[in-house]
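K.L.:
Have a look at this one.
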Amino acid sequence: MVRKSVIPPRPGRPTVEFATLVVRYPAERGRVLLRGSTEPMDWDTSVEPVTVDGDVSIFQVPVPGGGTVEVKPIREDGRWAFGRNLILAARDAVEISPAFEHEAGRMHGWREVDVPDAAPVRMRYFLPPGYEEHQQSRYPTLYCLDGQALFSDGYDPYGNWDIDHALDELWALGVIEELVVVAIDTSHDRLDRLGPEPDPHHGGGHAAEFLATVADRIVPLVDRELRTRAEPSERAILGASMGGLFSLFAAWRRPDVFGAAICFSSSFWWADRWMIQEVRSTPCPVPRPTLYLDSGATASTFAEDANLRDGQHHTRAMLRALVEHGYLPGDDLHVLAFPGQPHAAGAWAARIAVPLQLIFPTVG
């Protein structure tokens, strides 16, 4: 008979350590319990929190050795929380606000916002899974240009971004905050609305008026109707191509409204690089918005198609202009290039998860 050797634990080092899980969930909707892969839990037996204070339940989860434990909240009525199992390691401290009633974000229908002396603006909302359950919670907001191409049911002839799918997957992973998306249709008079200065070949030049519509009519309307966080630091604007140009213009001109801008493949060539000159020649906004700029870039140095070059050299010029104002790459400025990706909706859909994690990260 071969006897198994037993290695004693190191002196002073416990064989079992603990992870702390803080669950925020409205008490009136039901108690939250926990199931998992290690004793005293299993996937058929729930454990109670060690502390309950109103809507906050705290669990101490034992983690044997140096391994990990899988757990998942379950409501007292037997409903499991949506999303993936949580994987906890010893000494982790994780806070979550689970959803038990909706697995994915909820789309609201299109509506028109009247604008004096201008065409109405079409918009709609995309609300996070927990919005209806967590009635006391408030959410950051992402305003998106080209709303007609934003979601999987979009109707833009040039393709859709499928941002709803990306958000649902990121929420399931727990790597970004739940947030409200406001989609703004810019298919009508697009160049006129999004171009900040007239371009000698394409016209436009009424972005200031459109920005006033978004900042002074649409944003207050959203803040009245939805449980949003009203601080500029909790509000971002996103766009691609001309929408990327407008998003930077909006954050630069109205930092009192937008605390961040996400700019895909921005048309910084517009009107002889007017926006680059604007950044170089005007004072830096206060407070300074966080910026994400990117571009595709052809793998061939001989490509003549501008869509394949995707304005990468213009984006680098904007990077230099922003650094002159004290922007710090990797801190409040993120500038990325994606070799081989063209100026197209499919390319933006492929990388939308990157800025969402940079601008709306979770801590736990």
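K.L.:
Report, by residue number, each residue of the range 48-61 that is surrounded by fewer than 18 Cβ atoms within 10 Å (Cβ to Cβ) and either basic (Lys, Arg) or in a strand (DSSP E or B) (or both).
P.N.:
Selection gives Thr51, Val52, Asp53, Val56, Ile58, Gln60.
K.L.:
Residue under question is Gly78, and the condition is that it be at positive phi and not acidic (Asp, Glu); does it hold?
P.N.:
yes
K.L.:
A further question on this structure: Restricting to the range 268-284, name every residue that is among the β-branched types (Val, Ile, Thr) and more than 19 Å from Ser295 (Cα to Cα).
P.N.:
Step one: of the range 268-284, the residues among the β-branched types (Val, Ile, Thr) are 276, 279, 282.
The one that is among the β-branched types (Val, Ile, Thr) and more than 19 Å from Ser295 (Cα to Cα): Thr282.
K.L.:
Let me ask something additional. Does Arg84 satisfy the condition of being in a loop (DSSP other than H, G, I, E, B), at pLDDT below 95 and under 23 Å from the mean Cα position of the chain (by Cα)?
P.N.:
Yes: the conditions hold for Arg84.
K.L.:
Quick test for you: out of Val222, Val257, pick the one residue that is farther than 26 Å from Ala317 by Cα and touching a residue at least 12 places away in the same chain (Cβ under 8 Å).
P.N.:
Going through Val222, Val257 in turn, the sole match is Val222.
K.L.:
Can you say whether Cys284 is part of a loop (DSSP other than H, G, I, E, B) and either at pLDDT below 95 or closer than 19 Å to Arg320 by Cβ (or both), as far as the supplied structure shows?
P.N.:
So Cys284 fits the description; yes.
K.L.:
Does the range 152-164 contain at least one residue that is buried (at least 21 other Cβ atoms within 10 Å of the Cβ) and under 16 Å from Val115 (Cβ atoms)?
P.N.:
no
K.L.:
If Val335 satisfies all but one of (1) assigned to a strand (DSSP E or B); (2) out of contact with any Lys or Arg (no Cβ under 9 Å at 6 or more places or on another chain), what's the number of the condition it fails?
P.N.:
Failed condition: (2).
The values are calculated or read from the model by the stated rules, or taken from the named source; none is laboratory data. Everything numeric in this text was worked out from a predicted model, so none of it was measured. Cβ: placed from backbone, ideal geometry, glycine included. Neighbour counts: every protein chain shown.
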